[in-house]
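Have a look at the structure below before the remarks.
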There are 2 protein chains.
Amino acid sequence: MSRTPHHPTREQIELPMVLDCLSDPIRLAIVYQLAQQERVSSELRCSDFSALSGKSNLAYHFAKLRDCGLMRTRVAGTNRFMRLRREDLEARFPGLLDAVLSSAAKDADRLPLVSGCELVEVDRK
Amino acid sequence: MSRTPHHPTREQIELPMVLDCLSDPIRLAIVYQLAQQERVSSELRCSDFSALSGKSNLAYHFAKLRDCGLMRTRVAGTNRFMRLRREDLEARFPGLLDAVLSSAAKDADRLPLVSGCELVEVDRK
DNA sequence: TTGATAGTTCAATAAACATTGAACATAGGG
DNA sequence: CCCTATGTTCAATGTTTATTGAACTATCAA
């Protein structure tokens, strides 16, 4: 297992890949909840999303989110903390992420969201 | 052949379908060029994009663009004129289309665009 | 060192997708 | 009325995708 997973540079972020990544309801829900949580902690663990799907399927989606440049994964012990690459996305495609997020917010009832009380991240390392 | 192809209502437009539609480089290029052309004519024929792919493949992509609510097709004789559903998209997902379009503009060199002089739409019916 | 926890990787599978060419439908011009 | 131009539909093909479970790796804590 590589110590730090691969992330594209800012310039390597491609628009079609980003849109494709966001077009999957599970991944869109992950990105949306990550954004929702930003005012609290800005990072969530993989396991915080375990209500959405199985571990291996989530790992697959997380890899796609990393590969397209939407999220960054920080390894801390046996946990991996995910955060949105807001600055990079804003620099690359100004306004895009916010437009997608507010669109997702309008249709939040159509997203497979983890219920709020399941997201109780407090302790960080 | 049905006289008028199927189009979703404004409320039926779904975010994941729209993003998925825009994630294909050919479809993104079609939408982008349609937007570019808006100040001139707002409509383009299918055959205006023949440089992008074969007829049947374009018909496939046009159908997806219609099905997800991004474009409307108007039948006029043997031609079909396509136009962006700007108002519907703006009402449904405010700011999204413009954010995608300006992102596409930043990366226009990475899109499979039809060269400008091939888009010489003048006569309309 | 043993066991539990957190994630990744791999192989297998079914569904969806993009692309092609051939056949078809429709309208307009000689 | 034929011929052509414009698009659609269908079947076939190969590719990519999402999902699953099992096996694996790494870290932490007792």
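The values are calculated or read from the model by the stated rules, or taken from the named source; none is laboratory data. Predicted model only: the values in this text are computed from it and were never measured. Note that we place each Cβ from the backbone using ideal geometry, even for glycine, and neighbour counts take in every protein chain shown.
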(request) Considering only the stretch A:1-76, give the helices (runs of 4 or more DSSP H) lying wholly within it that have at least 1 residues that are basic (K, R). (result) A:25-37, A:55-67
(request) Kindly provide the set of residues from the stretch B:87-109 that are of a type in the set (D, E, K, R), under 25 Å from A:E90 (Cβ atoms) and free of Cβ contacts under 8 Å to residues at least 24 places away in the same chain, ordered by number. (result) B:E90, B:D98, B:K106, B:D107, B:D109
(request) Specify which of the listed residues (A:L58, A:L28, A:L22) is modelled with pLDDT of 95 or more, within 11 Å of DNA strand D (Cβ to nearest atom) and more than 14 Å from chain B (Cβ to nearest Cβ). (result) A:L58
(message) Taking the conditions exactly as written (within 14 Å of another protein chain (Cβ to nearest Cβ) and within 10 Å of DNA strand C (Cβ to nearest atom)), does B:P94 satisfy them or not?
(response) no
(request) Among residues belonging to the stretch A:49-78 that are among the basic types (K, R) and free of Cβ contacts under 8 Å to residues at least 60 places away in the same chain, point out the one that is surrounded by the most Cβ atoms within 10 Å (Cβ to Cβ). (result) A:K64
(request) Quick one: which residue in A:E11, A:E43 is in contact (Cβ under 8 Å) with a residue 60 or more places away in the chain, touching a Lys or Arg at 6+ places or on another chain (Cβ under 8 Å) and away from DNA strand C (no atom under 14 Å from the Cβ)? (result) A:E11
